[in-house]
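Rule-based calculations on the coordinates, nothing more; no lab input. Keep in mind that what you see is a predicted model, and the values were worked out from it rather than measured. Methodologically, a virtual Cβ is constructed for each residue, glycine included, from the backbone with ideal geometry; neighbour enumeration extends over all protein chains shown.
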Amino acid sequence: MDIGGVLAAAEHGYMEISKIELHGVLPAVFASRGAAGSEVWCRDVVLERGRRYLVSAQSGTGKSSLCSYLYGYRSDYAGHILFGDTDISTLGVGKWCELRSRHIAYLPQEMRLFPELTAMENVELKNRLTGYRGVGDIKAMFDRLGIADKMGEPVARLSIGQQQRVAIIRALCQPFDFILLDEPVSHLDEANNRLAADLVADEAARQGAGIIATSVGNNVMLTIDKEYKL
Amino acid sequence: MSNGINNNGKSGNLLWKLLRKHVSAVQMAGFSLASLVGLVIVLLALQFYIDIKPVFASDDSFMRQDYLVLTKTVSSIGSLLGSNAEFSDAELDELSRQPWVRKVGRFTTPQYRIYGSLTFGNRALRTYLFYESVPDEFIDELPADWGFDPVHGKVPVIVSRDYLALYNFGFAATRNMPRVSEGMIGMIPVQLTLSGNGRSETVEGRIVGFSNRLNTIIVPEEFMQWSNERFGAGERRQPSRLIVEVSRPGDKAITEYVAAHGYEIAGDKADSGKASYLLRLMTGVIVAVGTIISLLAFFVLLLSISLLMQKNSRKLQDLLMLGYTPAAVSAPYVKMVVAANAAVLVAACVAMLVCRSLYLPVVSSLGVAGGSVAVSIIVAIVIIGAITAGSVYAIRRRVATLWHN
């Protein structure tokens, strides 16, 4: 099916990205040195909706690059990435915007929150785009992650760990087929790691979505179906 | 706690809250002011030109503006030696090849005698007359009943306004005759008795217009042709007077050419043409200055937008990362630019209208009502529209480049 059809269907809410395929993908920066030992680069990898994947990596092995390719803001790679049957290199700006608000949720490692806005406003900014959550829903998530008292605080005044939780809530304010979590718990202690992991896992399970988490050591406390070494 | 989360449609407020940072009020004010000044100059110059133009044009609504009447200089020696006062075909050719000449028309003269009589009250004026004709295309505004039809036989006539003045202030005053207005004289029939070729007939003429430019009496070409065939000897005569439409009335080349060939420009009626030409030139210069200021203002705006978006590029990128479309991300800045330009447009039009109301009494004392403001306002909309379109394009392009980073 062509992507136009996929997205037209997606607008009606019944079409989804059932799987993500990587075929011989290699970041352009690795072109000279190759990717010996990697279970992702230069391989054929299929990530299925509804399953949970951990991509564990050393620093500098292209973990964030992988996320940026899947989220469509970088395309400096060789090989092919498919969403369903569609090569994502053929997608235009409008289609990526649609994917980002309806199909792929993303928690960037650097979070990319707006420090001058409050925690709630940061979440609202996403939710107003998607119209996915009610106020009660959002408050419940703040509550569940233990930062309900921080909703009205400007993000600049929150700790990194608190910011990470705000970013997780924001990422969950949309429907998704896959959620990309780039080191989601790097600044969370064990207790909060578990709270966050449970929230994401519950949401993904509710939507039947896939989880793709990366980690350089502090693994998110999820039950993983398959781990790839990058 | 600040959550207006129920207002899904109001994400624009949050976007603006985020993106208004680094919006420089000073830069926007600078643009608005410069743009306003530029636009007001353009509009005022244009409007003034439109309003004042009839002062020059009304000088003579019957004849085209940019024309000259040429004759050969009559010198006493020349006339003794029998030198020709008529223009030869070669001279006509050479003249029409001059770059400043648009069209050359010939005055046609009658080849018969004319005796005119004008009767009003119980007094009559009788005199031998002379008239000429020029091609209709040289008459700017043809009087309603211009033309001649032998069946009806009425001859419309345009006379020099000087003649009327001469009659009213000279003749009528000394002879105790009534003075007549321009309107009245149109109602007085003029009997023209044409004789030649062994015939003599009387036709009725009527004065339909007055000319400041032509120091002569003009009848329609059709009548001249008809009457010359009927009363003339049938020979072809070269014209001794020419009417020349020129492209640049103030051109020095014209006076040089005329002097070099021993021609004369009839009267000094070219002055009004020169003034009108100067008016146009000055308007052009002022409009150009205003346009340059407007252009500079546009560049200030572009620069300001560029700086602003540079400073906020990270935020704009982050919004795109959230799934906002480039159009949605551009919207706050587009709205800002549109609002500023709309304000400038309105302010400029108001300023122009206010200034106009100040000079209009002076202009109307020159006997002109003032033209329409539609042209100026359309020009203002076009200029502001172009500036807005250019800025919106710059914003969109900037966001598009952020997408690919």
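Take the Cβ-Cβ distance between B:L33 and A:E153 as r, set R0 to 45 Å, and report the resulting FRET efficiency rounded to the nearest 0.05.
It comes to 0.65.
Once you place label points 7 Å from the Cα toward the Cβ at B:K103 and B:D145, how far apart are they in nm?
2.6
Across peptide A:100-112, what mean number of C-beta atoms from other chains lies inside 10 Å of a residue's C-beta?
2
7 Å from Cα along Cα→Cβ at both B:A327 and B:Q191: what's the point-to-point distance in nm?
About 8.3 nm, to one decimal.
Under 16 Å Cα to Cα from B:K252, which aspartates and glutamates show up? Leave out anything in the same chain fewer than 8 places away.
List returned: B:D66, B:E264, B:D268, B:D271.
Rounded to the nearest 10 degrees, what's the angle between the helix A:93-102 long axis and the longest principal axis of chain A, both from Cα atoms, 0 to 90?
For helix A:93-102, the angle is close to 50 degrees.
With the Cα gyration tensor of region B:253-405 in hand, give its eigenvalues times 5 under a square root as the equivalent ellipsoid semi-axes, listed largest first in whole angstrom.
Taking √(5λ) for each Cα gyration eigenvalue gives 50, 20, 10 Å.
For a distance above 15 Å, tell me the whole-number percent of Cα pairs in region A:175-230 that qualify.
45
So for each of A:197-210, A:158-171, B:348-361 I average, over its residues, the number of other beta carbons within 10 Å; can you give me the resulting order with the highest mean first?
For the peptides A:197-210, A:158-171, B:348-361, the packing ranking is A:158-171, A:197-210, B:348-361.
The protein assembly as shown: percent of C-alpha pairs farther apart than 33 Å?
Summing the P(r) tail past 33 Å for the protein assembly as shown gives 65 percent.
Using just the C-alpha positions of chain B as equal point scatterers, what log10 of I(q)/I(0) does the Debye formula give at each q in 0.10, 0.11, 0.12 1/Å?
Values, matching the q order: -0.82, -0.91, -1.02.
Shielding by partners for A:114-125, please: the mean number of other protein chain Cβ atoms within 10 Å of each residue's Cβ.
Mean partner-chain Cβ count within 10 Å for A:114-125: 5.
In whole Hz and in residue order, list the ³J(HN,Hα) couplings for region B:313-324 that follow from phi through the Karplus curve 6.51 cos²θ - 1.76 cosθ + 1.60, θ = phi - 60°; x for Gly and Pro.
The phi angles translate into 4, 5, 5, 4, 5, 4, 5, 4, 5, 6, x, 5 Hz.
Roughly what % antiparallel, to the nearest 5, for the DSSP beta bridges in the protein assembly as shown?
That works out to approximately 65 percent antiparallel.
Out of all DSSP beta bridges in region B:108-238, what portion is antiparallel? Express it as a percent rounded to 5.
75
As an exercise, identify the trypsin sites (Lys or Arg not before Pro) in region B:117-203 lying in DSSP coil whose Cβ has no more than 16 other Cβ atoms within 10 Å.
Taking region B:117-203 and a limit of 16 other Cβ atoms within 10 Å, the loop trypsin sites (Lys or Arg not before Pro) found are B:R179.
Find, to one decimal place in angstroms, the Kirkwood hydrodynamic radius of region B:97-165, where the mean of 1/r is taken over every pair of different Cα atoms and then inverted.
Value: 15.2 Å, from the Cα pair sum.
Over the whole of B:12-22, what's the average partner chain Cβ count within 10 Å per residue? Rounded to a whole number, please.
Mean partner shielding for this stretch: 2.
Taking region B:159-247 on its own, what percent of its Cα-Cα pair distances exceed 22 Å?
Every Cα pair in region B:159-247 considered, those over 22 Å come to 44 percent.
Excluding residues on the same chain fewer than 8 positions from B:K17, give the aspartates and glutamates whose Cα lies under 20 Å from its Cα.
Straight-distance partners of B:K17: A:E116, A:E121, A:E124, A:E153, B:D318.
Counting DSSP beta bridges in region A:3-229, what percent are antiparallel, to the nearest 5?
Rounded to the nearest five, the antiparallel share is 45 percent.
Would you calculate a helix-derived [θ] at 222 nm for chain B, using -39,500 (n - 2.57) for each DSSP H run of n ≥ 4 and dividing by the full residue count, to the nearest 500?
So the helix-based figure for chain B works out to -17000 deg cm²/dmol.
Using R₀ = 41 Å, calculate the FRET efficiency as 1/(1 + (r/R₀)^6) where r is the Cβ-Cβ separation of B:S306 and A:R33; round to 0.05.
According to the calculation, E is roughly 0.60.
Excluding same-chain pairs closer than 8 in sequence, count the lysine pairs in region A:3-229 whose Cα atoms lie under 16 Å apart.
Close lysine pairs under the 16 Å cut-off: 4.
Round to the nearest 0.05 the FRET efficiency obtained for B:T255 and B:L92 when R0 = 25 Å and r is the Cβ-Cβ distance.
0.80
For region B:192-321, with equal point scatterers placed on the C-alpha atoms only and solvent neglected, what are the log10 I(q)/I(0) values from the Debye formula at q = 0.15, 0.17, 0.21 1/Å, to two decimals?
Evaluating at q = 0.15, 0.17, 0.21 Å⁻¹ gives log10 I(q)/I(0) of -0.99, -1.08, -1.25.
Compute the Kirkwood hydrodynamic radius of chain A, taking the inverse of the mean of 1/r over all pairs of distinct Cα atoms, and give it in Å to one decimal.
By the Kirkwood definition, the hydrodynamic radius is 18.0 Å.
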